[in-house]
1. Just one of L76, L83 is without any contact (Cβ under 8 Å) to a residue 24 or more places away in the chain and more than 17 Å from W28 (Cβ to Cβ); which is it?
2. Would you check which residues across the range 2-19 are surrounded by 10 or more Cβ atoms within 10 Å (Cβ to Cβ) and either in contact with a helix residue (DSSP H, G or I) (Cβ under 6 Å, 6 or more places away or on another chain) or over 27 Å from L55 (Cα atoms) (or both) and list them?
3. For the range 36-60, which positions are open to solvent by 70 Å² or more (accessible area, probe 1.4 Å) and part of a helix (DSSP H, G or I)?
4. Here is a check on your reading of the model: is D90 among the charged types (D, E, K, R), surrounded by 14 or more Cβ atoms within 10 Å (Cβ to Cβ) and at negative phi?
5. Suppose we filter G63, G77 for residues that are surrounded by fewer than 16 Cβ atoms within 10 Å (Cβ to Cβ) and modelled with pLDDT under 90; which single one remains?
6. Taking the range 1-43 as the region of interest, how many residues are within 30 Å of S87 (Cα to Cα) and not aromatic (F, W, Y)?
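The values are calculated or read from the model by the stated rules, or taken from the named source; none is laboratory data. As the structure is a prediction and not an experimental result, all values here were calculated from the model. Note that we place each Cβ from the backbone using ideal geometry, even for glycine, and neighbour counts take in every protein chain shown. Each accessible area value is taken on the protein alone, full model and side chains, heavy atoms only, with ligands, DNA and RNA left out. Shrake-Rupley method; radii C 1.70, N 1.55, O 1.52, S 1.80 Å.
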Amino acid sequence: MSVVRPVEPGMRDPAEDIKFLGDELDFWYLSILKKTWDKFSRAVVQTHGEVSISLQKQFSGLGSTEDIIKELLKSLGLQDKRLTEWSEVDLMGFASALRKKTKPMIIAAK
């Protein structure tokens with residue numbers, strides 16, 4: 001059970017809380033990507049599969065479309081890089097970009 005710890009007004013920076021939430025969601029997406037990444041990336045490379053179609057199918061549960069995947073690959077400079085050659089930085093960048101595209105946050109403050 002969670003313990004509620006009220007914070008006095010002005011004691012925290014809401015921007016830090018927003019960044020924290022975004023980072024947590026990015027790491028959640030990264031964990032989903034990495035769970036099957038080695039096997040998935042090798043299979044796509046070995047079968048000469050279309051990267052954008054393969055990624056879209058693999059991560060369709062996150063709300064991706066083939067157009068979104070193509071856009072992200074291009075914007076991140078990953079469209080010509082073999083999946084088996086993606087670095088940790090590439091994976092994190094992709095996870096973060098995919099999260100922002102498929103689950104954008106709207107911040108409302110009063």
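1. Testing whether each residue is without any contact (Cβ under 8 Å) to a residue 24 or more places away in the chain and more than 17 Å from W28 (Cβ to Cβ) leaves just L76.
2. Across the range 2-19, the qualifying residues are R12, D17, I18.
3. Listed by number, the residues that qualify are D38, K39, R42, Q46, K57, Q58.
4. Judged against the criteria, D90 is a match.
5. G63
6. Within the range 1-43, residues that are within 30 Å of S87 (Cα to Cα) and not aromatic (F, W, Y) number 23.
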